[in-house]
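The values are calculated or read from the model by the stated rules, or taken from the named source; none is laboratory data. On a predicted model such as this, the values are computed, not experimentally measured, just so you know. Neighbour counts run over all protein chains shown; Cβ positions are idealised from the backbone, glycine included.
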Amino acid sequence: MDKKKKILVVDDSALMRRIVCDIISLDEQFCVQDLAANGQEAILLMQKNAYDAVILDIIMPKLDGIGVLKEINRLGLQEHVVIFSSETRKDAEVTLQALELGAVDFIHKPDSILEAKKDTFVRRFLAILSSAVQSRPQPKKPVVRENSGKQIKKQTVTPDGKTVVAIACSTGGPKALAEVIPKLPENLDAPVLIVQHMPEGFTKSLAQRLDERSPLHVMEAENNMEIRKGCAYIARGGKHMEIGQRDGKHYLILKDGPAREGVRPCANFMYESLAESGYSRVVCVVLTGMGQDGTAGIRNLHQKKPIYVIAQQKESCAVYGMPRSIVASGLTDQIEPVENVADAIIKSVGVK
């Protein structure tokens, strides 16, 4: 029998530490190895011991969660961190900063002990923790395998100005997008559509952070918003995003409805709607993420119009789930470490 995964729980609240321990004890694959009441204690423990994952509060005395993540990076520690804080519900900026600093994912603290005992909360907590222990520490200089970066199939460019870039990502996505989107030029000869698995309230902050750093104008999608070149559109958390067409122009359509692949927004909806669009070619980009979202939609799209598929290389993924799925489908044209993805997009699309 495999050894249990060792978890470090860091929170200044004794009640929250107890709640987290109770939840973790429900899954036999995990055990709480150590507890810390502040960031300084946590760093000392991480320097002495190895953990499979760290549950980390944000607001703490002596050293807060952001400070802990900065210290992890400074010291070169290879920890899989899940942010666990009520602050994430109010301040998406702090959460996104934590994700960019290397946190794998985040969980909202329950509002009450009653909520903490609900099956939906427990299942989500354990699913995120399971994803975290399987994630890969991302090296500062990603390892490039011998076949990485090589084209798998011959590229076919359609220079008619009717290409669109469609990106799918999940766990580790905000950090990957921060590496890719700012490198795309304002005169890219295609608009960019992005589905990042995130709850409502976080995608607007993600768009704002990327917009501040990017030549492209990056914005959160709004219903009936016209799609234009020089812009990138991030699907709104909690809404599926599809692409519609009228009067020769393309528009974003935001929809409610049940989650698909366990998520909303779901990239499969975006790709499937592009199959019926007026775009003559779609450059599909699949970045780090848990699960298989994107593969079914790209497979359907492939039957309807020319596509070019770029997948993020395994070694540079936080979680090699979505890219693994699209690579296994046989539809991938190019595999790149995250720092080369923007260049692959530019070469595939061209500039105006």
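All but one of (1) among the acidic types (Asp, Glu); (2) touching a Ser or Thr at 6+ places or on another chain (Cβ under 9 Å); (3) under 25 Å from LYS347 (Cα atoms) hold for GLU212, so report the exception by its number. GLU212 satisfies all of (1) among the acidic types (Asp, Glu); (2) touching a Ser or Thr at 6+ places or on another chain (Cβ under 9 Å); (3) under 25 Å from LYS347 (Cα atoms) except (2). One residue alone among ALA36, ALA98 is out of contact with any Asp or Glu (no Cβ under 7 Å at 6 or more places or on another chain), aliphatic (A, V, I, L, M), buried (at least 18 other Cβ atoms within 10 Å of the Cβ) and at pLDDT below 95, and that residue is ALA98.
Taking each residue of segment 63-79 that is free of Cβ contacts under 8 Å to residues at least 12 places away in the same chain and looking for partners that are in a helix (DSSP H, G or I) and surrounded by 20 or more Cβ atoms within 10 Å (Cβ to Cβ) with beta-carbon atoms closer than 6 Å, six or more apart or interchain, yields nothing. Listed by first and then second residue, the pairs with beta-carbon distance under 6 Å, at least 6 apart or on different chains, first residue in segment 38-62 and among the basic types (Lys, Arg), second in a loop (DSSP other than H, G, I, E, B), are LYS62/ASN38.
Taking every residue in segment 260-279 that is at pLDDT below 95 and pairing it with any residue that is in a helix (DSSP H, G or I) and among the aromatic types (Phe, Trp, Tyr), at least 6 positions away or on another chain, the pairs with Cβ-Cβ distances below 9 Å are ARG260/PHE269.
Against the criterion of being under 17 Å from ALA190 (Cα atoms), surrounded by 12 or more Cβ atoms within 10 Å (Cβ to Cβ) and touching a helix residue (DSSP H, G or I) at 6+ places or on another chain (Cβ under 6 Å), ILE227 does not qualify.
Whether any residue in segment 171-181 is farther than 21 Å from CYS317 by Cα and modelled with pLDDT of 95 or more is what I want to check. Lay out the reasoning, then the answer.
Within segment 171-181, the first condition is being farther than 21 Å from CYS317 by Cα, and the residues that meet it are none.
Within segment 171-181 (the criterion being farther than 21 Å from CYS317 by Cα and modelled with pLDDT of 95 or more), the answer is no, since none of the residues qualifies.
Right, ARG264: basic (Lys, Arg) and touching a Gly at 6+ places or on another chain (Cβ under 7 Å) or not? Taking the combined requirement at face value, the residue satisfies it. Here is the figure for segment 244-275: residues that are more than 19 Å from THR120 (Cα to Cα) and assigned to a loop (DSSP other than H, G, I, E, B) total 5. Evaluated against (1) of a type outside the set (Lys, Arg); (2) in a helix (DSSP H, G or I); (3) at pLDDT 95 or above, VAL9 falls short on exactly one condition, (2). For segment 205-219, residues that are hydrophobic (A, V, I, L, M, F, W, C) and part of a helix (DSSP H, G or I) total 3. Looking only at residues in segment 280-294 that are part of a strand (DSSP E or B) and at pLDDT 95 or above, the one that is surrounded by the most Cβ atoms within 10 Å (Cβ to Cβ) is VAL286.
For segment 316-326, does any single residue satisfy the condition of being at pLDDT below 95 and assigned to a helix (DSSP H, G or I)?
Yes: segment 316-326 contains one or more residues that are at pLDDT below 95 and assigned to a helix (DSSP H, G or I).
If the condition is being under 22 Å from SER131 (Cα atoms), at pLDDT 95 or above and among the small types (Gly, Ala, Ser), then segment 39-64 contributes ALA42, ALA53. Of the residues making up segment 59-112, those that are farther than 21 Å from GLU41 by Cα and part of a helix (DSSP H, G or I) are THR88, ARG89, LYS90, ALA92, GLU93, VAL94, THR95, LEU96, GLN97, LEU99, GLU100. Within segment 296-314, residues that are part of a helix (DSSP H, G or I) have Cβ atoms under 8 Å from residues that are of a type in the set (Val, Ile, Thr) and surrounded by 18 or more Cβ atoms within 10 Å (Cβ to Cβ) in these pairs: ILE298/VAL286; ILE298/ILE307; ILE298/VAL309; ILE298/ILE326; LEU301/VAL282; LEU301/ILE307, counting only partners at least 6 apart in sequence or on another chain. Quick check on segment 188-197. Is at least one of its residues part of a loop (DSSP other than H, G, I, E, B), within 14 Å of the chain's Cα centre (by Cα) and either surrounded by 16 or more Cβ atoms within 10 Å (Cβ to Cβ) or not charged (D, E, K, R) (or both)? Yes, some residue in segment 188-197 is part of a loop (DSSP other than H, G, I, E, B), within 14 Å of the chain's Cα centre (by Cα) and either surrounded by 16 or more Cβ atoms within 10 Å (Cβ to Cβ) or not charged (D, E, K, R) (or both). Within segment 321-340, the residues that satisfy the criterion of being more than 18 Å from THR295 (Cα to Cα) and either touching a Phe, Trp or Tyr at 6+ places or on another chain (Cβ under 7 Å) or surrounded by 19 or more Cβ atoms within 10 Å (Cβ to Cβ) (or both) are PRO337, VAL338, ASN340.
Could we say that GLY201 is assigned to a loop (DSSP other than H, G, I, E, B), in contact (Cβ under 8 Å) with a residue 12 or more places away in the chain, under 17 Å from ALA168 (Cβ atoms) and out of contact with any strand residue (DSSP E or B) (no Cβ under 8 Å at 6 or more places or on another chain) here? The answer is no for GLY201.
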